[in-house]
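Each remark here refers to the structure printed beneath this line.
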Amino acid sequence: MIAALRALAGASVLAVGFGGSANQNPPRNLGVAAAQIVNAGLSAEGGVLFVSVTADGAPYDVDASKLRTFVRPYAGDRAADVPWRELRVSLGGAAALPDRVTGGPPREFRIPVTFPEPPAAPGMYAVRVRLESGFARSPNGAEIQQKALPAGSQPVWWPDEGGDDRGLQVVKERLRGHAFYGYGGATVGCVPAWYREYDAWTPIPIRSVARERGRAVYLGTGRSNDGFSFLAIDPIVAMVDLPDTKLAHGWGGSGGVSPDGPCPALRFADPWYFDLSGTTVASPGGWPPKAVHAGMTRVEVRRSYGYPSGDATAAQLDQVNQWTYNHDARSTWSVTFANDRVVTVAPQAFGP
């Protein structure tokens, strides 16, 4: 979750342009930009999925018919040889946003998008935004060029909603009659507008569980400050009762940013994300957690510090002999297991 909050704070996925056209009769809007578009990509805020395009300088028009999206299964760097294919997209009306720093003329367009159908089976996919030639023009019709950008993509999770929404039913069953305990703690509130941090031994009472269809939110794995994050389509929302504020060990938020949806709540991509995030099983312990040491069990490390961040399931991580936690330059540390017990912690100086 921490990784997801950081992703939202600086969300902008790079895009590159190439030829071809797609959607018909798109909206055209007037805004402000420079001679070059400097950033474009898929993002979300307040549960709304959109393409954000940013630039600086003089007025310009955008022609959304020149916007296309492409997809392939997500596999990190291992997907280099997997071909991209076009993903059908529906576009809303583009909105020009005023400069967030100076309050001056707009520098960003947001074009709401929806995907009429998933790319294939449920799973994690890489989605790339591509702008064709002619996407942006000045009032006199001159084309505004794009800055040369590396080819970026956004990880996106499409859920398992088949069979009477299997994913939702599994999460409902696990939470029915139980409280939630976050591995390494839990971030709860009206994310990202405001939130509170609770330790791994504080029960989070659950009021209801449902699927939020037609929405998208940022989620992250692990408790690292800078970990793997992705956009979750149609997330599962668990409405909660906040524990006593005195039990919170941290809080924060982003002023002026809309919550992901109804709140206070926890959000999950599907059952696999629930397994990475926490449990309904209480255990003895308290804040602060014990320092990781030789002989500590894998279960104790997971409960106190959470799973490490990454594109992996809980089952996959439980088979890995080394877990690495990347918090910042001075607090990256790892633990090595043998027979599900810690045998080494490194580097000791900057560990937990």
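Name the residues in segment 178-228 that are of a type outside the set (A, V, I, L, M, F, W, C) and farther than 30 Å from Lys290 by Cβ, would you?
Those that are of a type outside the set (A, V, I, L, M, F, W, C) and farther than 30 Å from Lys290 by Cβ: Pro192, Arg207, Ser208, Arg211, Glu212, Arg213, Gly214, Arg215, Tyr218.
Looking at segment 199-235 only, could you name the residues that are free of Cβ contacts under 8 Å to residues at least 60 places away in the same chain and either in a loop (DSSP other than H, G, I, E, B) or crowded, with 24+ Cβ neighbours inside 10 Å (or both)?
Selection gives Thr202, Arg213.
Taking the options Gly134, Gly185, name whichever one is of a type outside the set (S, T, N, Q) and buried (at least 23 other Cβ atoms within 10 Å of the Cβ).
Gly185
Restricting to segment 98-154, give me the number of residues that are small (Gly, Ala, Ser) and at pLDDT 90 or above.
Of the residues in that region, 4 qualify.
Could you tell me which of the residues Gly184, Gly189, Gly177 is of a type in the set (Gly, Ala, Ser), in the same structural domain as Gly261 (by TED's automatic domain parsing), under 19 Å from Ser309 (Cβ atoms) and not in a helix (DSSP H, G or I)?
Gly184
The values are calculated or read from the model by the stated rules, or taken from the named source; none is laboratory data. None of these values were measured; they are calculated from a predicted model. A quick note on method: Cβ atoms are made from the backbone with ideal geometry, for glycine too, and the neighbour counts reach across all protein chains shown.
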